[in-house]
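Here the structure comes first, spelled out in structure tokens, and everything after it is commentary.
The values are calculated or read from the model by the stated rules, or taken from the named source; none is laboratory data. All values derive from a computational prediction rather than experimental measurement. Positions of Cβ are generated from backbone atoms using ideal geometry, with glycine treated the same way; all protein chains shown enter the neighbour counts.
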């Protein structure tokens, strides 16, 4: 007893040192923690920092060139001539490129003029420069501060009009078009359709016509139609409070909008929606089946050699690579079941497949299969933790096995089931490889849920946060430009998974303490 | 009422009937679910078999030699291994040599184990023997979170952040590698020279935390030393030296990058299992050794590790299984070039990555499709065997501990 206390307290100093290996072992823990912290910090700073409207530099070079942009990074010049700095100058329509390397020794003056504007545009990316004049379709030309105020007011109006168009399209145009397709040319439908189209066209016309005269810092002029402009700000003239508001607005738009410019700009809303829907469908499938299998293995099956073997087998399936499940999903669900379903029910649309190609249903089934071992193992652990006297007590009071299970055992195992489900969800949310085989899409602007019968379209392809990262980071035209958004998406995915895992850890802890106290009496 | 008089019997019948029905349903459902999960292996075998038996025109037979031996292709002189499934059918025809894929898979797994095993075992040894209990209770969930980091995120950081960084700072990377182990040992030596009052503020049990600033200091030192090291030994240009002296071309995304990223991903699972095995050793053993005057490290090396050896081995096996099947990290960090070179600075292409890229484009039922399924089958068999082995070893070990615990 004394020895134990002596060892645990760790206060007694041993005569000799522990030698070098002990320090290397300690160092490996610190190194892992350091790497993890670095990774999370990198994601957090780069992902969240992207939305901060940082100041725009106006740079005059020794050869007289002027440019404006945001400094991104520095790198040493060859032959030790100092550093060179990368500026993101945007203005793709003027320069053909959005990056500019500038040797730092060549910089003559560096300033942050308050009148520099940054416009976010639908085409050509952002514009950095000066606002010269505002030319509305009706009304008079304005310049200077008046032009800026007019632009702000117009942009707010444009936002409302865009919303109105999107609503009309969602609520009126698309259902009418579908009805036209389904019921044939009914005069009333056609009339309603032309009416809606006319309203949309009128809104579009109301948006068009206004023009901005812009000037880049080196004096090149540009006529910019205002309906292409999504947002405008003057970061150098903004205080910290205004910047914080703009930052929050940027984060919100990232979360709530769809992607633009081949996934290199815009938001990730369809990907968030697709991920959540996929995971929800998966847990709907996996929880009942996993619990069923666990109950069978632990409560019903004869506890012999075979059951033990099956248990080991199920446990090992959790270690089978996810891509193998993807292959199974593609071969059995997509080509096998999907092909059959197409032949039976959707023959008229063949050869273009309905269920015979990857889609939401097959992806969620594949993920359910992938996470089934997780749920089975977690539930079984919970069931095994319940003391046998609880079961015996229930049986002794005259309960049948079903009553014993449903009234005594399963309620006690609920936290274990929840833990299993959350672990399954956390695992599924991060899996991308199998989805690449069974139905994730690079770009699927149509969310799989809409107002059209049957409301949930299981055959549609969907977007996914993880695949969005892969696609934007590796298949874009300008990876450097897409990097901030990839960081932000990665941060979002990691946060979702961390929250899910923390919930599971908390639940498991809760479960242990509860049953720890239970087995004592 | 007749209902009340006959009800006890009827009710019992009803309850028993319901019970039997439910038991039958649970049995059927449970067996069905388990069969569905197990069907993966069956499906893969059934789909792959035609490669070796049937000779139907759309899926011609493939002989094993052609898959695994170097082949002579028209236009090339010596026999080579090639995996080029997408070549047009007309002239050269697709080239199916599985060897580069298998090589890439094993190479990636081997490098990731080289990184992960020392880190994980060191961490496990430290947290089982030296670490304070409070810190340990926090460390385990933290590393569990690290295990849950999705492969895409790690792959993205490895392929687009780490790879370009290391390419630019190769000298710094090498200096860090050379400096860290001796730096840690020097840190330990300095610590033992400290006055006892300060040492009580920095106990060994919390060294995992207070060594982090020391590591940062070492990193700063490495940054300062790196140009000197590169200039002194490698003529100022490590990449050029590698190419000129060793004949190794440094590719941007290479096996080392994959190894680092996947090592980071695999390390927590090895750690968790190895730590379980080490801390599961009955404390009577280690207390006996320490009572006889052994230091804690000697106890670990001579007593605990031999007792927990099988458990540590199974932890490494499970790590190997994960590394072999990990898809996204390899896909994003390896460059995906199907090469068969031993150079750690060349790219590689693993089976899992090949499946992910090529299977959606392969025509179902064709040779390419079936070969990719064969790759999946190999992955399945390998991981299943490795995991089973690890599980069996672990169960044996647990039984042994129980015996040891009882006999003491």
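Figures for the structure shown
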read-out	value
Selection count, the stretch A:472-491, where residues are out of contact with any strand residue (DSSP E or B) (no Cβ under 9 Å at 6 or more places or on another chain) and either more than 10 Å from chain B (Cβ to nearest Cβ) or at positive phi (or both)	5
Failed item, numbered, when residue B:401 is tested on (1) within 13 Å of another protein chain (Cβ to nearest Cβ); (2) touching a residue at least 40 places away in the same chain (Cβ under 8 Å); (3) farther than 30 Å from residue A:442 by Cβ	(1)
Number of the condition not met by residue A:51 [criteria: (1) under 30 Å from residue A:498 (Cα atoms); (2) within 14 Å of chain B (Cβ to nearest Cβ)]	(2)
Segments classed as strands (runs of 3 or more DSSP E), wholly inside the stretch A:192-274, with at least 3 members that are under 26 Å from residue A:58 (Cα atoms) and within 31 Å of the chain's Cα centre (by Cα)	A:229-233
Every residue from the stretch B:249-292 that is in a loop (DSSP other than H, G, I, E, B) and either at pLDDT below 85 or in contact with a helix residue (DSSP H, G or I) (Cβ under 6 Å, 6 or more places away or on another chain) (or both)	B:249, B:250, B:251, B:252, B:253, B:254, B:280, B:281, B:282
Condition broken by residue A:142, with the remaining ones in (1) closer than 30 Å to residue A:258 by Cβ; (2) modelled with pLDDT under 80; (3) touching a strand residue (DSSP E or B) at 6+ places or on another chain (Cβ under 8 Å); (4) in the same structural domain as residue A:214 (by TED's automatic domain parsing) satisfied	(1)
Strands (runs of 3 or more DSSP E) fully within the stretch A:90-135 counting 2 or more residues that are farther than 21 Å from residue A:154 by Cβ and over 27 Å from the mean Cα position of the chain (by Cα)	A:99-103, A:107-111
Among the residues listed as A:378, A:384, A:424, A:396, the single one being modelled with pLDDT of 85 or more and within 23 Å of residue A:456 (Cβ to Cβ)	A:424
Positions within the stretch A:379-390 being more than 12 Å from every other protein chain (Cβ to nearest Cβ), in contact (Cβ under 8 Å) with a residue 60 or more places away in the chain and assigned to a helix (DSSP H, G or I), in sequence order	A:382, A:383, A:384, A:385
Matching residues in the stretch A:91-120 - criterion: being touching a helix residue (DSSP H, G or I) at 6+ places or on another chain (Cβ under 8 Å) and surrounded by fewer than 18 Cβ atoms within 10 Å (Cβ to Cβ)	A:99, A:112, A:113, A:114, A:115
Test: residue in the stretch B:226-245 that is in a loop (DSSP other than H, G, I, E, B) and modelled with pLDDT of 80 or more	no
Output for the stretch A:158-177, where each listed residue is more than 22 Å from residue A:130 (Cα to Cα) and surrounded by 13 or more Cβ atoms within 10 Å (Cβ to Cβ)	A:161, A:162, A:164, A:165, A:168, A:169, A:172, A:173, A:174, A:175, A:176, A:177
Output for the stretch A:138-166, where each listed residue is touching a helix residue (DSSP H, G or I) at 6+ places or on another chain (Cβ under 9 Å) and either within 20 Å of residue A:121 (Cβ to Cβ) or not in a loop (DSSP other than H, G, I, E, B) (or both)	A:142, A:151, A:154, A:155, A:157, A:158, A:161, A:162, A:164, A:165
Selection status of residue A:132, assigned by TED's automatic domain parsing to the domain that holds residue A:246, touching a strand residue (DSSP E or B) at 6+ places or on another chain (Cβ under 6 Å) and more than 30 Å from residue B:262 (Cβ to Cβ)	yes
Residue satisfying all of: in the stretch B:128-149; assigned to a helix (DSSP H, G or I), at the interface with chain A (Cβ under 8 Å from one of its Cβ atoms) and within 16 Å of residue A:34 (Cα to Cα); modelled with the lowest pLDDT among these	B:144
Exclusive hit being touching a helix residue (DSSP H, G or I) at 6+ places or on another chain (Cβ under 9 Å) and either within 25 Å of residue A:58 (Cα to Cα) or surrounded by fewer than 17 Cβ atoms within 10 Å (Cβ to Cβ) (or both), set A:184, A:129	A:129
Residue within the stretch B:135-157 that is in contact with a strand residue (DSSP E or B) (Cβ under 9 Å, 6 or more places away or on another chain), touching a residue at least 40 places away in the same chain (Cβ under 8 Å) and buried (at least 20 other Cβ atoms within 10 Å of the Cβ) present	no
Some residue of the stretch A:347-370 being under 29 Å from residue B:39 (Cα atoms), more than 35 Å from the chain's Cα centre (by Cα) and in a helix (DSSP H, G or I)	yes
Residues of the stretch B:359-377 classified as out of contact with any strand residue (DSSP E or B) (no Cβ under 6 Å at 6 or more places or on another chain), assigned to a helix (DSSP H, G or I) and more than 10 Å from every other protein chain (Cβ to nearest Cβ), total	4
Odd one out for residue B:195 among (1) more than 21 Å from residue B:226 (Cβ to Cβ); (2) without any contact (Cβ under 8 Å) to a residue 12 or more places away in the chain; (3) within 23 Å of the chain's Cα centre (by Cα)	(3)
Condition broken by residue A:443, with the remaining ones in (1) within 11 Å of another protein chain (Cβ to nearest Cβ); (2) not in a helix (DSSP H, G or I) satisfied	(1)
Boolean, residue B:165 is buried (at least 21 other Cβ atoms within 10 Å of the Cβ), part of a helix (DSSP H, G or I) and assigned by TED's automatic domain parsing to the domain that holds residue B:325	no
Subset of the stretch B:344-358 that is buried (at least 19 other Cβ atoms within 10 Å of the Cβ) and over 29 Å from residue A:332 (Cβ atoms) - its residue that is nearest to the other protein chains (Cβ to nearest Cβ)	B:347
Residue in the stretch A:318-334 that is closer than 15 Å to residue B:40 by Cβ, surrounded by fewer than 20 Cβ atoms within 10 Å (Cβ to Cβ) and facing chain B (nearest Cβ under 10 Å) present	yes
Any chance residue B:190 is more than 30 Å from the chain's Cα centre (by Cα) and within 11 Å of chain A (Cβ to nearest Cβ)	yes
Qualifying residue in the stretch B:297-306 (condition: more than 22 Å from residue B:126 (Cβ to Cβ) and either out of contact with any helix residue (DSSP H, G or I) (no Cβ under 6 Å at 6 or more places or on another chain) or within 13 Å of chain A (Cβ to nearest Cβ) (or both))	no
